[in-house]
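A.B. asks: Questions regarding the structure given below will be posed in turn.
The values are calculated or read from the model by the stated rules, or taken from the named source; none is laboratory data. Quantities reported herein were computed from a predicted structural model and do not represent experimental measurements. So basically every Cβ, Gly included, is an ideal-geometry build from the backbone, and we count neighbours across all protein chains shown.
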Amino acid sequence: MAVSYKDLGLTNTKEMFAKAVEGGYAVPAYNFNNLEQMQAILQACVETKSPVILQVSSGARKYANATLLRNMARGAVEYVKELGCEIPIVLHLDHGDTFELCKDCIDNGFSSVMIDGSHHSYEENVALTKQVVEYAHAHGVSVEGELGVLAGVEDDVVAEESTYTRPEEVEDFVKRTGVDSLAISIGTSHGAHKFTPEQCTKNEDGVLVPPPLKFDILEEIEKRIPGFPIVLHGSSSVPMDQVEVINANGGDLKAAVGIPEDQLRKAASSAVCKINIDSDGRLAMTAAIRKTMNDNPAEFDPRKYLGPARDSLKELYKHKNENVLGSAGKA
Ligand SMILES: O=C(CO)COP(=O)(O)O
Ligand SMILES: O=C[C@H](O)COP(=O)(O)O
Ligand SMILES: [Zn+2]
Ligand SMILES: [Zn+2]
């Protein structure tokens with residue numbers, strides 16, 4: 001039997017995005033695969049009074065089981081009430097690649113889905129996205145589409161180079177598909193290695209500084225679809241202090257580079273109203289786990305290393321909400 005997101009107490013993105021575009025901030029979209037990530041996201045967003053998008057990739061569904069994830073989202077709504085602050089919560093499919101997957105999520109309590117047809121031809125992308133929108137909207141569910149390809153691994157597809165979004169396509173795409181938001185490619189990419197050292201310059205401290213995002217493309221897009229909700233994927237900043245902790249405790253992460261926070265702040269103040277962050281959370285958890293295990297070699301209670309990992313993740317997300325996305329206080 002199908003389960004509607006409304007029965008779980010979740011919301012779609014409609015009002016959430018309208019407020020974010022109007023207010024010049026971005027709603028955080030944090031990926032989760034397990035209990036500790038869920039706790040960290042919810043605690044951080046309640047403490048900062050931020051709306052939140054809980055993101056589930058198809059990999060997360062395989063890892064954690066769709067039924068368990070759905071019931072965790074149901075639990076999330078009750079948990080935030082218990083914490084004393086009712087923030088709007090969206091359960092979102094990240095990088096859906098087929099109609100069937102999107103339909104399955106819609107039938108299983110998701111309030112928002114992404115259909116990423118950007119690896120297909122333009123016309124195929126339009127047709128696939130439109131098909132998902134028709135089914136989703138009949139159920140009150142929001143849909144995110146994508147135009148342009150991000151470099152890196154996406155939907156198990158490896159793109160060596162990004163293809164920036166073509167502003168001249170966005171108006172036609174939005175009109176013909178009926179999507180509620182649009183993910184664009186302006187220089188971000190997935191993972192902890194977003195740029196090669198050759199693509200970067202070095203600042204006076206020897207830190208790699210990547211090329212700036214293509215704000216000219218974003219501006220051109222905004223001119224063509226004024227006020228339309230825009231989404232940025234691949235928006236981890238890859239904090240060097242976390243990378244250093246990982247490497248100092250047996251890790252081996254080389255030449256990791258992310259998107260500088262000032263670039264994201266600037267994007268959040270525009271029509272960009274959803275910013276996707278996953279890798280930074282992975283780094284924070286890994287750093288805390290590596291350090292705790294190294295410092296306490298006799299410890300074997302998972303709570304003793306997952307607990308600090310969760311707390312570090314929570315601090316990271318509070319920082320993002322307060323100092324980067326501007327979503328704090330907007331719930
Ligand atoms: O875009 C993302 C999820 O869809 C995550 O991006 P990062 O790898 O930069 O965290
Ligand atoms: O965009 C990808 C997200 O970071 C999710 O990653 P995943 O597919 O490994 O769960
Ligand atoms: Zn894509
Ligand atoms: Zn993504």
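A.B. asks: Do we have any residue at all in the range 115-134 that's touching a residue at least 60 places away in the same chain (Cβ under 8 Å) and surrounded by fewer than 24 Cβ atoms within 10 Å (Cβ to Cβ)?
C.D. replies: So far as the range 115-134 goes, no, none of its residues is touching a residue at least 60 places away in the same chain (Cβ under 8 Å) and surrounded by fewer than 24 Cβ atoms within 10 Å (Cβ to Cβ).
A.B. asks: Right, Lys175: more than 24 Å from the chain's Cα centre (by Cα) and either modelled with pLDDT of 95 or more or within 16 Å of ligand 2 (Cβ to nearest atom) (or both) or not?
C.D. replies: Details: more than 24 Å from the chain's Cα centre (by Cα): yes; either modelled with pLDDT of 95 or more or within 16 Å of ligand 2 (Cβ to nearest atom) (or both): yes.
Considered against the rule, which asks whether it is more than 24 Å from the chain's Cα centre (by Cα) and either modelled with pLDDT of 95 or more or within 16 Å of ligand 2 (Cβ to nearest atom) (or both), Lys175 comes out as yes.
A.B. asks: Since Glu204 meets every condition but one in (1) part of a helix (DSSP H, G or I); (2) over 27 Å from Asp116 (Cβ atoms), which condition does it not meet?
C.D. replies: (1)
A.B. asks: Would you please list the contacts, defined by Cβ atoms under 9 Å and residues six or more apart or on different chains, that run from a residue in the range 25-39 that is acidic (Asp, Glu) to a residue that is buried (at least 19 other Cβ atoms within 10 Å of the Cβ) and in a loop (DSSP other than H, G, I, E, B)?
C.D. replies: none
A.B. asks: Among what's in the range 204-239 and is at pLDDT below 95 and surrounded by 15 or more Cβ atoms within 10 Å (Cβ to Cβ), pick the residue that is nearest to ligand 2 (Cβ to nearest atom).
C.D. replies: Among those residues, the one meeting the criterion is Pro210.
A.B. asks: What are the pairs with Cβ atoms under 6 angstrom where one residue, in the range 52-64, is closer than 19 Å to Phe99 by Cβ and the other, located anywhere, is within 10 Å of ligand 2 (Cβ to nearest atom)? Sequence gap at least six, or different chains.
C.D. replies: Going by the 6 Å Cβ cut-off, the qualifying pairs are Ser57/Asp94; Ser57/His95.
A.B. asks: Okay, next question. Take Ser4 and tell me if it is out of contact with any helix residue (DSSP H, G or I) (no Cβ under 7 Å at 6 or more places or on another chain), surrounded by fewer than 17 Cβ atoms within 10 Å (Cβ to Cβ) and under 23 Å from Gln131 (Cβ atoms). Outline the logic, then answer.
C.D. replies: Numbers: out of contact with any helix residue (DSSP H, G or I) (no Cβ under 7 Å at 6 or more places or on another chain): yes; surrounded by fewer than 17 Cβ atoms within 10 Å (Cβ to Cβ): yes; under 23 Å from Gln131 (Cβ atoms): yes.
Yes.
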